[in-house]
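J.: Take this structure, written in structure tokens, and hold onto it; I'll ask about it next.
The values are calculated or read from the model by the stated rules, or taken from the named source; none is laboratory data. What you see is a predicted model, and the numbers here were worked out from it, not measured in a lab. Positions of Cβ are backbone-derived with ideal geometry, glycine not excepted, and every protein chain shown enters the neighbour counts. Just so you know, the surface numbers come from the protein's heavy atoms only, side chains and all, with ligands and any DNA or RNA stripped out. Shrake-Rupley method; radii C 1.70, N 1.55, O 1.52, S 1.80 Å.
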Amino acid sequence: MAACQPEEVASAPTRSPGAASDGRRRPLAAPTLLTGTEYIADATRHIHAAKRRVLLTTLTIADDHRTDALIDALIWAARRGVKVSVAADVFTYADAAGTFLPTGYRGARWRAGNRLAGKLSREGVAFSWLGREKGLIWRGRTHTKFCVTDDVAYAFGGVNLDHRGVENADFMLRIQDERLADDLEDVYGRIQRMNLHERGHRSLELRYGRDRVLVDGGIPGDSIIYRRALKHAQKADRVLLMSQYCPTGELGRTIAERDHELWFNPPRNAGPANRVLIASSMAWTGYRTQYRSARYLHAKAIVFFRGGAPRAAITGSHNFVNGGVRLGTREIALETRDEQMIAQILRFHEAQVRGG
């Protein structure tokens, strides 16, 4: 990997009660894993009940049959006077071939995206587009995905807010924890500020007991998520990986040296651009996937085993490929040692990936 800057380590903010004297915080509240459809339904209910804040950031967003109820809930919350902010990447209206629309040409997806942005803005939702239309399609993307409704956070998965995103084999975690919700609001603010100035920020680590929230700030070559995954892989006896892509770089090589299971999309599952990306990565690395379903796999998690038992997991928006590190995508992930959380990830893998 390219040389990178050290991550920031966040100490417990003064607003968080119960912080230990050494600065380590108590563990997060117990997470619940939700599939895409469960996430949309649950978030919609909480948005309707929100009294103070709703914050949402996503790679792609659309007003379609999978998301229309959630979009309506955002509007009604804003009408009630709730602070509602939504940010989506301009990747939303990349064309079907996987390249941005030519300058001056406004296609159907661009028009649909901007109709939705206008609709939300007119109703009092603070909406913003992230990133730039010009340049290499994957450079500088905000791949981060989370939703905060008052003190409930949905994060550390890959579900995008359109029908394809909801229907993929994917999940989000729901965590009711005021500290996490407050911290994600801070992350949301950082994304907005850095986007305004077309800059990234150093990787960020937020500690909750033994677990950590890892934030990649968009500086090319700097990914705390990739570094932590590599560190765990180097200590592991066995590794189970789920991602839409084949793992690459030092992390991929380290995983391949251990007992491992790789579950990622075969090229036939992907659209033109991703098909080329997956096929070329497989040809370069020699790795093969155990995934056989035709349903697109979009979940992103690694479980690390030592001594026959899972010892840690990293789950979030990062695909564990070195290309995203070099290009500086913004990402978020949870590094956990919680046995119940890891068990939920393994159950998802068994039901939706191995058995999918």
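J.: Could you work out the relative contact order of the range 165-241? I mean the mean sequence separation of Cα pairs under 8 Å and 6+ apart, divided by the number of residues, in percent.
T.: Working: 48 pairs, mean separation 12.9, N = 77.
Relative contact order for the range 165-241 comes out at 17 percent.
J.: Looking at the chain, what % of its DSSP beta bridges pair antiparallel, to the nearest 5? Each step should come with its number before you reach the end.
T.: On the way: 41 of 64 bridges.
Beta bridges within the chain, antiparallel portion: roughly 65 percent.
J.: Can you find, among I332, T315, M282, the residue farthest towards the positive end of the dipole of the range 274-356? Put +1 on the C-beta of Lys and Arg, -1 on that of Asp and Glu.
T.: M282
J.: Counting only protein chains, not ligands or nucleic acids, how are K83, K51 ordered by accessible area (probe 1.4 Å), most first?
T.: The ranking, largest first, comes out as K51, K83.
J.: Okay, moving on. Taking every alpha carbon pair in the chain, what does the distance histogram look like in 10 angstrom bins from 0, in percent?
T.: Bin by bin from 0 Å, the calculated values are 5, 26, 37, 25, 7, 1.
J.: While we're looking at this one, here's another question. Mean Kyte-Doolittle of at least 0.0 and a Cα length of 15 Å or more along the axis: which whole DSSP H helices of the chain meet both?
T.: The qualifying helices are 68-79, 272-285.
J.: Shifting gears a bit: Per residue of the chain, what 222 nm ellipticity follows from adding -39500 (n - 2.57) for every DSSP H run with n ≥ 4, rounded to the nearest 500?
T.: Helix-only estimate at 222 nm: -10000 deg cm²/dmol.
J.: Right, here's the next one. Based on the mean of other beta carbon atoms within 10 Å per residue, what is the order of 26-34, 267-275, most packed first?
T.: The most tightly packed comes first, giving 26-34, 267-275.
J.: A further question follows. Over the alpha-carbon set of the range 119-269, work out the extent along each principal axis and list the three values in angstrom, largest first.
T.: 53, 40, 31
J.: Which values, in whole Å and largest first, are the semi-axes of the equivalent ellipsoid of the range 206-265 obtained as the square root of 5 times each eigenvalue of the Cα gyration tensor?
T.: They are 21, 15, 11 Å, listed largest first.
J.: Please enumerate, by chain and number, the aspartates and glutamates with C-alpha under 16 Å from the C-alpha of K300, excluding those fewer than 8 residues away in the same chain.
T.: Hits, sequence-local ones excluded: E167, D170, D216, E261, E331, E335, E350.
J.: When N is the residue count of the range 264-356, what does its C-alpha Rg come to as a fraction of 2.2 N^0.38 Å? If you can, show how the numbers build up before the last one.
T.: Values: Rg = 14.4 Å, N = 93, 2.2 N^0.38 = 12.3 Å.
The reported ratio for this selection is 1.17.
J.: Let me ask another. So, in Å, what gap is there between the alpha-carbon centers of the range 221-245 and the range 310-356?
T.: 9 Å
J.: Once you place label points 7 Å from the Cα toward the Cβ at A126 and A343, how far apart are they in nm?
T.: The modelled label-to-label distance comes out at 4.1 nm.
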